[in-house]
1. Could you grab the pairs with beta carbons closer than 8 Å, sequence gap of 6+ or different chains, first residue in the stretch 55-70 and on the phi < 0 side of the Ramachandran plot and touching a residue at least 12 places away in the same chain (Cβ under 8 Å), second one surrounded by fewer than 15 Cβ atoms within 10 Å (Cβ to Cβ) and outside any helix (DSSP H, G or I)?
2. Would it be correct to say that Tyr85 is hydroxyl-bearing (Ser, Thr, Tyr) and farther than 12 Å from Ile41 by Cα?
Amino acid sequence: MEQTELLVQTIIKGIQEKKGTGIVITDMQGLDGAICRFFIICQGNSPTQVEAIAESVGDVAREQMGEKPTHVVGLDNAQWVAMDYGDVMVHIFLPDVREYYDLDHLWEDAKLTQIEDF
């Protein structure tokens, strides 16, 4: 498995460890104007859970892949946390914020893969 795809699977493990739900992988490889290769979008039910998911993703990616995000924003209010891993962007939302911004459908040509909730 390619390094980037392995990172995607590792990030999903980190999300699932804290019971993140609604996980969607947006594959943007080959799309004009794409800022990265993959978006991973998920949600938590409270700011505390959103923060815990972000922490888990950071820990798992660092421990299993030696990867650290180059930038993390949104931890102040934990309604939408974005983590930049270069080729992979992770977005962790509260449900109403996710619905409002609808990143899941921002790139119409992208392939979407939904991961079943535990």
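1. From residues that are on the phi < 0 side of the Ramachandran plot and touching a residue at least 12 places away in the same chain (Cβ under 8 Å), the pairs are Gly58/Lys68; Ala61/Lys68; Thr70/Gly86.
2. On the way: hydroxyl-bearing (Ser, Thr, Tyr): yes; farther than 12 Å from Ile41 by Cα: yes.
In short, yes.
Conditions tested, residue by residue: (1) more than 25 Å from Glu116 (Cα to Cα); (2) touching a Gly at 6+ places or on another chain (Cβ under 9 Å).
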| position | (1), (2) |
| --- | --- |
| Ala34 | yes, no |
| Ala52 | no, yes |
| Gly66 | yes, no |
| Val72 | yes, yes |
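Just so you know, all these numbers are worked out from the coordinates, no wet-lab data involved. None of the values given here were measured: they were computed from a predicted structure. When we count neighbours, we look across all protein chains shown, and the Cβ atoms used for this are built from the backbone with ideal geometry, even at glycine.
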